[in-house]
Structures are given as structure tokens and as C-alpha cells.
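Structure, as C-alpha cells:
Nothing in this text is a laboratory measurement; each read-out follows from the coordinates by a stated rule. Source: prediction; values computed, not measured. Note that each Cβ is placed from the backbone with ideal geometry, even for glycine, and that neighbours are counted across all protein chains shown.
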Amino acid sequence: MRGMIEEITAALGTNGLILRGGFLFPDHEGAPHGASGASAKSVLLVGQAGAAPWPHFLRWQQQQPQAIANPLDTWSRQIIGDVAREFGARAVSPSDKPYLPFHQWAVRAEGLRPSPLGILMHPRNGLWHAYRGALLFEEEIALPEPCEAIHLCDTCVDKPCLKSCPVDAHSTDGFAYQPCLAHVRGAGGGPCRAGGCLDRNACPYGTSYRYPAEVQAFHMAAFAGL
């Protein structure tokens, strides 16, 4: 089984994606179904650290005959789906409906905790990582239990991520979606549109993994419907 994990890792790596841990579903949980329709017994999370998939995604996008809606989701589904078929798994996506509990799965798979922005804080990558999908297997895959990761937010005294947004979109009360959206779309939102969320960029951790400005601009445009 370890050999299969290594093969999956290599297959994903050709497009800049990585395995993000996994776990076994307890019998009482009511797991989603796998490739044949039977209940899955194992899940492997697939995602990225930093912007490694970006050049692969851009090449794919440039080869498409016409613009498509949600291109990054479509690309991710295609790449992860190809790997799933190769290894007898079912591929699922965070945008699938009905929604699967990807956030809970990520916490279980890697032992991470949310930052004040809601994004899970990674001890190496900071806020610059993402989950793009998962592989559901109908057999048990032996994986080590995730260690409780150091939660960097606990060591951060100044919390610049709660002080950099001009409309205070993030606070201990949560995310003020409408004020954020109005600002990004408005006359004063140019820096956010061009270089991403100012609160997220203010985080001092994982800066070597920070997405380039063009990647952040792409995600911000998707968020704001620009």
C-alpha cells in the first residue's frame, strides 16, 4: 500500500498537486460511497502548498477552445479524476453538491486549526495552501495518525491579519462578507483586486509559499464575481 501512496504522490506531482494526508472512516460514520457505490473506508486529501499548480493550470487553460466557467475547479476535477481512475478511487471536489465536509476532513487529515481568517493555519505553509479534492477508496489504507500541528496563531501576539483590511472584514466576530465584497468591487478596492486580501498577506508565517500577485488576483476576481 505504501507503494501505491508513492505512485499517487508521483502522479499528482506532475501537475503540482500533493497529498494532504488522510484517514479511515469509522464504521458508524456513514461515509460517502467509493468508485463502485460501496461505502468508502479511506480518504486521501489532495491539494497544494504555495502556487505550484499554477503554471500547469495556465497551460491547460490556454489549450481550451473557449472560456469556461470555474476553470480552476474544472482543471482540478480533471487531474484528480484521472488519478482516481488510475488507482480505483472515486474523486470528489469541495464544490460538489451536496457538499462534503472537506473542512472537517482537512482538520482530521493534518491536525490543523483555523486562523482568525478561517483558513486553516499550516505550520510550514502558513495560509498559503489549499485543498482541491479527495480520493475515496473502498479499502482501508494504512496511514499514520496526524500529529497535532503547532498552531502558529497561538504564538502571534500582534495579529496583523485582523488589522490590515480597510473595512475590518475580519474580526473575532467572524467574516463581514458584504462589506468585504463591496470594498473589493468599489473604487478603493484596487490593491485587493490586484494583489489579494490585505489581511491574508499581512500574516507573517509561510511567506515563502505566498501566492504570486497574479494568482491572488485570479482568486479575488472569482470571489467578487469580477
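List the chymotrypsin sites (Phe, Trp or Tyr not before Pro) within the range 60-107 that fall in a DSSP loop (any state other than H, G, I, E or B) and whose Cβ has at most 12 other Cβ atoms within 10 Å. Please report the intermediate quantities before stating the final value.
On the way: sites: Trp60, Trp75, Phe87, Tyr99, Phe102, Trp105; in loops: Tyr99.
Answer in residue order: Tyr99.
Taking the chain as a Gaussian network, Cα atoms linked when under 10 Å apart, which of Gln104, Gln64, Gln78 shows the biggest mean-square fluctuation?
Gln64
Counting only the backbone N, which residues of the range 126-156 are under 20 Å from the spot 7 Å out from the Cα of Gln78 toward its beta-carbon?
131-135
Specify whether the C-alpha gyration tensor of the range 8-104 places it in the rounded, prolate or oblate class, a ≥ b ≥ c being the square roots of the eigenvalues: rounded for a/c under 1.5, otherwise prolate if a/b is larger than b/c and oblate if not. It would help to have the intermediate numbers written out before the result.
Values: a/c = 2.05, a/b = 1.74, b/c = 1.18.
Taking the square roots of the gyration eigenvalues as a ≥ b ≥ c, the range 8-104 is prolate.
What's the FRET efficiency of Gln104 with Thr9 using the Cβ-Cβ distance as r and R₀ = 25 Å, to the nearest 0.05?
Values: r = 23 Å, r/R0 = 0.93.
Calculated transfer efficiency: 0.60.
Mind checking the full-extension length gain between Asn70 and Ala224? Use 0.36 nm per residue of separation minus the Cα-Cα distance, one decimal, nm.
Values: separation 154, 0.36 × 154 = 55.44 nm, distance 1.31 nm.
Taking 0.36 nm per residue and subtracting the Cα distance, the gain is 54.1 nm.
If one computes the Cα centroid of the range 146-201 and of the range 101-141, what distance in Å separates the two points?
19 Å
Counting alpha carbon pairs within less than 8 Å and at least 6 residues apart, what relative contact order, in whole percent, applies to the range 156-224? Numbers along the way, then the final one.
On the way: 63 pairs, mean separation 23.3, N = 69.
Across the range 156-224, relative contact order equals 34 percent.
Spelling out what I want: for every residue of the range 204-209, take phi, set θ = phi - 60°, compute 6.51 cos²θ - 1.76 cosθ + 1.60 (Karplus), and round to whole Hz; glycine and proline get x.
x, 9, x, 5, 5, 9
If each DSSP helix of 4+ residues adds -39,500 (n - 2.57) and the sum is divided by the residues in the chain, what number results at 222 nm, nearest 500 deg cm²/dmol?
On the way: 8 runs with 79 residues, N = 226.
Estimated from H runs of four or more residues: -10000 deg cm²/dmol.
Where is the GNM fluctuation largest for the chain (alpha-carbon springs, 10 angstrom cutoff): Leu12, Leu100, Leu45?
Result: Leu100 has the largest fluctuation of those listed.
For the range 156-224, what class follows from the C-alpha gyration tensor (a ≥ b ≥ c being the square roots of its eigenvalues): rounded when a/c is under 1.5, otherwise prolate if a/b is larger than b/c, else oblate? Before the final figure, lay out each step's value.
Details: a/c = 2.06, a/b = 1.09, b/c = 1.89.
Because a/c hits 1.5 or more and a/b fails to exceed b/c, the range 156-224 counts as oblate.
Report the Stokes-Einstein translational diffusion coefficient (µm² s⁻¹, integer) for the chain, Rh taken as the Kirkwood radius over Cα pairs, at 37 °C with viscosity 0.692 mPa s.
Details: Rh = 18.8 Å.
In µm²/s, the coefficient rounds to 175.
Under DSSP H, which helices of the chain have Cα atoms covering 18 Å or more of the helix axis and a Kyte-Doolittle average no less than -1.0? Walk me through the intermediate numbers first.
Numbers: long enough: 71-87 (24 Å, -0.34).
Passing helices, by number: 71-87.
Springs between alpha-carbon pairs under 10 angstrom, Gaussian network model over the chain: which of His28, His56, His170 fluctuates most?
His28
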